[in-house]
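Encoded as C-alpha cells, the structure appears first; notes follow it.
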Amino acid sequence: MFVGRRHEIAQLKAALEEAQSGQGRLVMLVGQPGIGKTRTSQELASYATLKGAQVLWGRCHEGQGALPYWAWVQVLRSYVRGREPAQVRSAMGPGAADIAEVVSEVKELLPGLQSPPALEPQQARFRLFDSIAAFLKRASQAQPLVVVLDNLHWADPPSLQLLEFLAQEITDSRLLLLGTCRDTELTRRHPLTQTLGELAREPSFRRVPLRGLSLEEVDRYIQAAAGFPPPRELVGVVHAKTEGNPLFMTEVVRLLVQDGEVTPERTRESQSWDLLVPAGVREVIGRRLNRLSERCNQVLTVASVVGREFQMGLLERLMDRLSGDELLEAVEEALAARVVEELPQAGGHYQFAHVLIQDTLARELSAVRRARLHRRIAESLEELYGLATEVHAAELAYHFAEAATATDMDKLVRYSLLAGELALATFAWQEALVHFQRGLDAREGQPVDAEMAALLFGLGRAQAATQEMFQFREYVSNLSRAFDYFFHAGEIERAVAVAEYPVRAALGVPVGSAELVSRALSLVQPDSHQAGRLLSNYGLNLYQETGDCEGAQEAFGRALTIAQREGDPALEMRTLSNGANVLFHHLRWQECVEHGLRAIALTNRVNDPPTELSARLYTMRALINMGDLPGARHHGETLLQAAEGLRHRSWLGNSLQLNGNLAQHMGDYPKALALTDRALAVEPREPRHLCIRALLEYQSGDTVPDDAHIGRLLDATHRSQMGAGFA
C-alpha cells in the first residue's frame, strides 16, 4: 500500500521526463531506515515502465564478501538477460570485452571476445568506466533507461567512483540514475559522503530527502488497513509514535490489526492507546544500536528513561561512575551514528533521532530498574532546577509518577497540579487532562481536600475541552465536586472561580449548573463585580436547564449593568455572547445577531478566544437561518481559524460542522461533505455530525445513505441521552 509522497513523486517524474527528452539525470533519495526510499523507487519504476522506459535494478549489500561493482553487475546482468547476442553486442560496442571482465554473463553470451590489453590499474578502471558509460548511453537511445541503485550507503568505493564518472557523462543521454541511501549512515568519513559532495557539483544531480508521512497520510493508511475511518486519537498516537516512518507505521498498525485493537467497536470504546514497539521495528533499531560500543549503549539506555530529550548535566549526575570525558565520548559516538541529535537551542542538550529508538532502549530494562531510574532522575532534576522547579513541573510529575513509590506521592500530586494549570494556560487541553488525572489517581480513595478539589476543577476544565459534547455530565460532575468542597470550606474566591467557569450542556437536561451558580451568588454581594461574572453564567445555565428565556435575560441585564459600571469589557463580551446563545435557541435570530456583533466588536479590547468563538458561532447560525448566507460566510473562515487555534474539541467540531452547513445551504455538497467528515474526525460520536452526514449523502444524490453513518447515529443517540437540543 503506497500513500503520500506526492511532492517527491512529482520531482521524480519530472526528472524522468527530462531524461526521456535527452537530458540525463541523477537523483538521490535520502532518509532514515524505513522511511520508504525503496518503496518510492518502486513507485517510480512502475510509472517509468508505463511510460516505455526499461528499469534496471542494482542493490548493495551490508557486510563483507560482496564482489566489487556488485550493484552495477546486477544492473548489467538485468539488461543482458533475455536479449539476443546481436542486440547486446550492438549496445556494448567495442567496450563489450571490458564489461565482460566484471560481468561473466556477457562473456558467455558473446563468446570469442578478446581480452582487453593489460593496462595500469588506473587506466584499466578508466577504460571500464568509459565502456559502461558508453553502453548505457547507447542503450538508452533505443529505449529510455532507469537505473535504480538501492542502499548506496553499503556500496563499495569502486561502485561509487563509477557513479561519479557516470554523473559527468549522462547529460546528453536518455538515462535516469536513481540512488537511495540512509543519511543516518553517513559520517564525515563515509565513502558516500565524499561521493555526494562530488555529485552536488553536477548540474544533472538532484537530492530528494524523504521525511515522515503527514498526519493525514497516516490517517489514510490506517483507514485502508482497517477498512473504516479511524478515530483521531489513534491516528495522532500512531503518527507521534512512528513520526510518520512508513516501515514503523506499517508494523505498528499491522500489530494493532492482528491483535483486534482496530475495529469499529474497539475504537468507539477506547479513548487512549498504548502502542508497543513491534518485533520488526525493534530488529531494525537493534541493528543500529548493536554497532555502538557497550559504554555508549549503557549511556543511551539511561538517557532513554529520561525521555526523548536529555541534557548532559543530568547524565553527569546519573552516570557518576564515568568521567566527563568518557561520558562525552559515548554521546559523541551516538551523535556520529545519528542515533541522537544535538539540539540547537542550548549546548549539552540532545534528543533521540527517533522516538522509537528511545522506546526500544527503555523497554529493554526491567520494570523495577526503570522505576528506580525514574526516581533518581526526578531527584536529580529537583537539584538541577533548584528554584525553577515549577516551570518544569510536567517533567518532574512524569518521573515521580513512573517511580511509583508511596513516599513520592505528595510531590507527584503537587507537580501534577502545577503542570496541569500551566497546560491549561496555553490551551494544551489534552496534556492538562493527563496531568490532573494522574494527580487524582495518586489520591484515589482519599477524602476531598483543597488539593484534590483543585485537581477536580482542573480536570473538569480539561474535560470540557477534550470530550465530546454529550459527555458533559462527567466534567460538570467534577466541577460540582470541586465547588462543594470550596463552598463548605468557606473558600469564597475559589468557589466563585469554579462557578464562573462556563458550562456548555444540552438544552433541557438539568445537571445542576444553575443551582451551583445560584449557591455561589449567595456568597457575594448582590451588585458586586463578582456577582456580575456569576450572573453572566447563571443566565445561560438557567436557560439550558429550564428554558426560562425571560429569567436568563434578566440575569444578563444585571450582568451588563455591572460590567458597564465596572468598566469590564471582558464581562460585557461574555454576557453578550451568552445572550446570543439563548436568543438563538429561542428563535429570536435578529436579536441574536445584534448581541453577537456587539460581542465581536469588543474583541479589539478583549483577548478571550472561547467567548469570541461563541459569539461568532451563534451569529453565523442565526444568519444562516435568516437566509443571509453572504453575511454568514463573512464569519465562517474567521470562526474556523479561531477554533483551530484554540484546539477545543467541541468548538472545533461545531465550527467545522457550521461551515459545512453553510456549504450545504449554498449547494456546494462536496465541500459540505469534506467539512462534515473533518467534524466527524474530531467528534466521531457526535449525533449532529452523523445526522447531517447521512442527510448530505441523500441530498448529494445517494438515495440510500451509508448504513454505517445511520448505525453510528443510532448508537450515538442511545449513548448520549441528550435533551431537546444542544447548547
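In this structure, does residue 48 turn out to be touching a Pro at 6+ places or on another chain (Cβ under 9 Å) and assigned to a helix (DSSP H, G or I)? So residue 48 fits the description; yes. The lone criterion from (1) in contact with a strand residue (DSSP E or B) (Cβ under 7 Å, 6 or more places away or on another chain); (2) without any contact (Cβ under 8 Å) to a residue 40 or more places away in the chain left unmet by residue 400 is number (1). Quick one: would you say residue 309 is under 21 Å from residue 344 (Cα atoms) and either open to solvent by 10 Å² or more (accessible area, probe 1.4 Å) or in contact with a helix residue (DSSP H, G or I) (Cβ under 7 Å, 6 or more places away or on another chain) (or both)? Taking the combined requirement at face value, the residue satisfies it.
If you filter segment 488-506 down to residues that are assigned to a helix (DSSP H, G or I) and open to solvent by less than 60 Å² (accessible area, probe 1.4 Å), you find that the one that is farthest from residue 459 (Cα to Cα) is 489.
If you check 252, 238, which single one turns out to be open to solvent by less than 30 Å² (accessible area, probe 1.4 Å), modelled with pLDDT of 85 or more and within 16 Å of the chain's Cα centre (by Cα)?
From the options 252, 238, the qualifying one is 238.
Does segment 557-577 contain any residue that is of a type outside the set (D, E, K, R), under 41 Å from the mean Cα position of the chain (by Cα), at pLDDT 95 or above and within 18 Å of residue 507 (Cα to Cα)? Walk me through it before giving the result.
Kept after step one, since they are of a type outside the set (D, E, K, R), are these residues of segment 557-577: 557, 559-564, 567, 569-571, 573, 575-577.
If we keep only those that are under 41 Å from the mean Cα position of the chain (by Cα) too, we end up with 569-571, 573, 575-577.
Then keep just the ones that are at pLDDT 95 or above; that gives 569-571, 573, 575-577.
Going one step further and asking which of them are within 18 Å of residue 507 (Cα to Cα), we end up with 577.
Yes, segment 557-577 contains a residue that is of a type outside the set (D, E, K, R), under 41 Å from the mean Cα position of the chain (by Cα), at pLDDT 95 or above and within 18 Å of residue 507 (Cα to Cα).
Pick from segment 663-684 the residues that are under 17 Å from residue 620 (Cα atoms) and open to solvent by 10 Å² or more (accessible area, probe 1.4 Å): which of them is nearest to the chain's Cα centre (by Cα)? Top of the filtered list is 675. In the set 316, 329, 341, 333, which member is closer than 19 Å to residue 379 by Cβ and open to solvent by 40 Å² or more (accessible area, probe 1.4 Å)? Just one listed residue meets the conditions, 316. Residue under question is residue 475, and the condition is that it be under 30 Å from residue 657 (Cβ atoms) and among the aromatic types (Phe, Trp, Tyr); does it hold? So residue 475 passes the test. Filtered by the rule that a residue be open to solvent by 40 Å² or more (accessible area, probe 1.4 Å) and either under 20 Å from residue 161 (Cβ atoms) or not in a helix (DSSP H, G or I) (or both), segment 78-105 gives 81, 82, 83, 84, 101, 102.
Considering the conditions (1) assigned to a helix (DSSP H, G or I); (2) more than 19 Å from residue 574 (Cβ to Cβ); (3) aliphatic (A, V, I, L, M), residue 448 is excluded by exactly one of them, (1).
If you go through segment 451-463 and keep only what is at pLDDT 95 or above and open to solvent by less than 40 Å² (accessible area, probe 1.4 Å), you end up with 452, 453, 454, 455, 456, 457, 458, 459.
Annotation: residue 547 fulfils all but one of (1) at positive phi; (2) in contact with a helix residue (DSSP H, G or I) (Cβ under 6 Å, 6 or more places away or on another chain); the unmet one is (2).
The values are calculated or read from the model by the stated rules, or taken from the named source; none is laboratory data. Nothing here was measured: the structure is a model prediction, and the numbers come from that model. Every residue, glycine as well, gets a Cβ built from its backbone with ideal geometry; the counts of neighbours run over all protein chains shown. Just so you know, the surface numbers come from the protein's heavy atoms only, side chains and all, with ligands and any DNA or RNA stripped out. Shrake-Rupley method; radii C 1.70, N 1.55, O 1.52, S 1.80 Å.
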